[in-house]
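Data block below; observations after.
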Amino acid sequence: RQSTVRTEALRSDRCALCGGGYSKRSLATTGRAKFAMSSEKTVLNFAYGSNMFTPRIQQRVKSAKFVCIGWLSGHTLRWHKKSSDGSGKCDAYETKNDTDRLWGVVFSLPLTEKPALDEAEGLGKGYAEKSAAINTGSESQIATLYYATAIDDARVPYDWYKALVLAGAREHGLPEDYIRGLESVASIPDPDPGRARNNLRILDAATSGSRL
């Protein structure tokens, strides 16, 4: 009976967490359940671009774990971050308008693996980092996020990059109207077919259920 009660309690906490509206108690309980085997300190990261797609962020930080979905007020998604490949990447653009919402996914990362994500994102090379309050429905959680410092409004994302952003939004069930907005963004083919194939491998693997 005790085992059944414990299982139901954990299931309840998990549902509350995945639903995006959880209490401090449910977060702490679920956190212990997920990370009890490790004494490593962790950091919360708010992903809003291609890193929303779990296989993508785990390709960069293998121990990244989903926490919840949420939104950042006073920001919108822009695709104008200047990338070294000639395209536009996502940016958490601050508008200071409280009605604007940037949706995304919060992941927990071991601090020891955070530098790998910083390098992959190009921290200090077109992206900077800040901490912000992410609204999860019932309260907010402080998480780090990257934002663009190198901007070109003429930039357009490549098809494969847009596909990864959409895959993450659909995977985690972001609002349908937000997903429709992502779908409406113009994109162009990558002039380097090999780069496009390489980046789409994780999407193809996830679709087919195979491993990279």
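Read-outs: derived from the displayed coordinates by stated rules, not from any lab. In this text, all values refer to a predicted model and were calculated from it rather than measured experimentally. We place every Cβ from the backbone using ideal geometry, glycine too, and count neighbours over all the protein chains shown.
For the reader, a short list of remarks on this structure follows.
- In the range 84-120, the trypsin sites (Lys or Arg not before Pro) that fall in loop regions by DSSP, at most 13 other Cβ within 10 Å: K96
- Phi angles of the range 132-143 translate, via the Karplus equation with coefficients 6.51, -1.76, 1.60 and θ = phi - 60°, into HN-Hα couplings of 8, 7, 9, 7, 10, x, 9, 7, 10, 10, 7, 9 Hz per residue; Gly and Pro are given as x.
- Neighbour-count ranking [beta-carbon atoms within 10 angstrom, fewest first] of H172, H75: H172, H75
- Residue order, fewest to most beta carbons within 10 Å, for S108, S63, S131: S131, S63, S108
- Over 20 Å (Cα to Cα) - which of K62/K89; K89/K162; K41/K89; K65/K114; K41/K81 fall in this group: K62/K89; K41/K89; K41/K81
- Order of T136, T99, T149 - criterion: other Cβ atoms within 10 Å of each residue's Cβ, fewest first: T99, T149, T136
- Among the trypsin sites (Lys or Arg not before Pro) in the range 135-212, those placed in a DSSP loop whose Cβ has at most 10 other Cβ atoms within 10 Å are R211.
- Backbone HN-Hα couplings from phi across the range 105-118 [Karplus 6.51/-1.76/1.60, Hz, Gly and Pro as x]: 10, 8, 10, 9, 10, x, 4, 5, 9, 4, x, 5, 6, 4
- Sparse-neighbour loop sites [GluC sites (Glu not before Pro); the range 62-169; at most 14 other C-beta within 10 Å; DSSP]: E139
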